[in-house]
Amino acid sequence: MLSYQHAYHAGNFADVHKHLVLHAVLDHLLRKRSAVTFVDTHSGRGVYPLDAPETLRLGEYRHGVLPLWQARDRLADEPLLSAWLDDIARLQRGGSRLERYPGSPWWLAQRLRSGDRLRLYELHPGEHDVLLQQALPPNAQRIHGDGLGGLIQALPVSTPRLCVLIDPSFERKEEYVGAAETLLTAMRKARHGVVLVWYPLLPAGRHHALLERLREGGLRKIWRSELTLRAPDEERGMYGSGMLVVNPPWGLDKRLAAVMARVTPLLGEACRYRADWWVEE
Ligand code: SAM
């Protein structure tokens with residue numbers, strides 16, 4: 001079953017959280033010259049026009065990226081956040097209106113250096129077709145297929161460093177443990193890789209299966225970052241966004257805390273950010 005389409009949610013608060021963490025990790029990794037292979041196991045379309053009927057239907061970006069975009073002059077003194085907003089500005093076709101929001105393939109591809117590699121997996125044929133239409137550098141490879149199996153097959157990579165984003169749609173509850181099992185296998189093959197895993201915070205609390213499996217599996221150095229909009233509430237579904245970073249770059253926690261202190265007031269009075277070690281070194 002592949003019914004999820006990210007266009008319905010593009011630019012929402014969870015994308016803001018996920019892509020800010022990704023941006024911060026990239027910033028740290030790209031300070032060193034040695035090449036990196038980036039793997040995006042669940043790529044989606046790559047770029048999302050905000051006037052697409054699917055995106056307008058829920059209009060989630062209006063409570064996600066839009067308030068940050070509108071406040072960008074006031075946010076100019078926060079270095080990571082202003083660089084992130086400048087990147088979004090580069091994707092617009094001019095003017096001050098926010099017309100397009102970038103997905104993870106774009107965030108990864110636009111910072112790719114000539115020696116780096118990027119593998120973009122997408123299983124949905126329609127989503128993959130849209131991804132094929134995006135202008136990406138030649139060292140970005142688009143693969144129509146299962147990203148979890150693809151990641152394991154691709155390891156070990158030929159570059160000295162590896163960075164992976166695992167961002168499933170979690171349509172089925174088995175996907176939580178499935179993502180954890182893939183991560184445990186991947187880390188046996190690439191111990192020093194930096195891996196980001198996104199998960200939704202839903203009232204049913206299914207993400208606990210993912211977190212617990214990783215702890216039971218003996219994986220170390222797992223940092224957890226969560227952004228919540230409100231208390232769990234059965235009727236309104238996803239109340240928060242979670243992100244794990246395995247082998248986080250040093251200093252990531254402090255940089256993100258500074259960024260999120262500026263972001264949370266713009267996403268609502270009840271919006272909160274917290275981060276801690278899920279499993280320490
Ligand atoms: N990572 C994207 C971003 O940040 O812009 C969003 C990805 S969206 C949450 C999840 C995507 O995974 C969907 O486009 C879905 O079609 C795709 N998908 C679902 N199962 C997959 C699998 N096993 N392998 C690769 N892609 C998959």
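None of the figures in this text is laboratory data; all of them are computed from the coordinates on show. Everything quoted here is computed from the prediction, not taken from an experiment. Ideal geometry is used to build each Cβ from the backbone, glycine not excepted, and the neighbour counts take in all protein chains shown.
Remarks
- Derived scalar couplings between HN and Hα for the range 66-71 equal 4, x, 6, 4, 5, 9 Hz in order, rounded to whole Hz, by the Karplus curve 6.51 cos²θ - 1.76 cosθ + 1.60 (θ = phi - 60°), x for Gly and Pro.
- The shape of the range 130-281 comes out rounded: with a ≥ b ≥ c from the C-alpha gyration tensor, a/c is under 1.5.
- Remark on Phe38: its backbone amide H falls under 5 Å from those of Arg117, Leu118, Arg119, Cys163, a criterion applied only to residues 5 or more positions apart or on other chains, H modelled at 1.01 Å from N.
- The alpha-carbon positions of the chain define a convex hull whose volume is 126 Å³ per residue.
- Tail beyond 25 Å, pair distance distribution of the range 40-157 (Cα, percent): 31
- Residue of Arg262, Arg191, Arg97 that the Gaussian network model of the chain assigns the largest fluctuation, springs spanning Cα pairs under 10 Å: Arg97
- Separation in nanometres of the label points that stand 7 Å from Cα toward Cβ, at Leu132 and Arg272: 4.7
- Inter-label distance for Lys32 and Glu171, nm, one decimal - labels placed 7 Å from Cα along Cα-to-Cβ: 3.8
- Overall form of the range 1-97 per C-alpha gyration tensor (a/c, 1.5; a/b vs b/c): oblate
- For Lys189, the lysines whose Cα falls under 17 Å of its own Cα, not counting residues fewer than eight places away in the same chain, are Lys221.
- Scalar couplings 3J(HN,Hα) for the range 265-276, obtained by applying the Karplus form with A = 6.51, B = -1.76, C = 1.60 to θ = phi - 60°, are x, 7, 9, x, 4, 8, 5, 9, 10, 8, 8, 7 Hz; x denotes Gly and Pro.
- For the range 109-127 and the range 201-245, distance of Cα centres in Å: 26
- Dividing the summed helix terms, -39500 (n - 2.57) for each DSSP H run of n ≥ 4, by the number of residues in the chain produces a 222 nm estimate of -10500 deg cm²/dmol to the nearest 500.
- Charges were assigned to the Cβ only: +1 to each Lys and Arg, -1 to each Asp and Glu. The resulting dipole of the chain about its Cα centre is roughly 920 debye.
- For the range 217-262, the set of chymotrypsin sites (Phe, Trp or Tyr not before Pro) satisfying both a DSSP loop assignment and a count of at most 13 other C-beta atoms within 10 Å is given as Trp250.
- Cα-derived Rg to Rh of the range 104-203, Kirkwood definition: 0.96
- For Asp73 and Asp86, the difference between the fully extended length at 0.36 nm per residue and the C-alpha to C-alpha distance is 3.6 nm.
- Positive-end residue of Val194, Thr55, Ala209, charge dipole of the range 6-279 with Cβ unit charges: Val194
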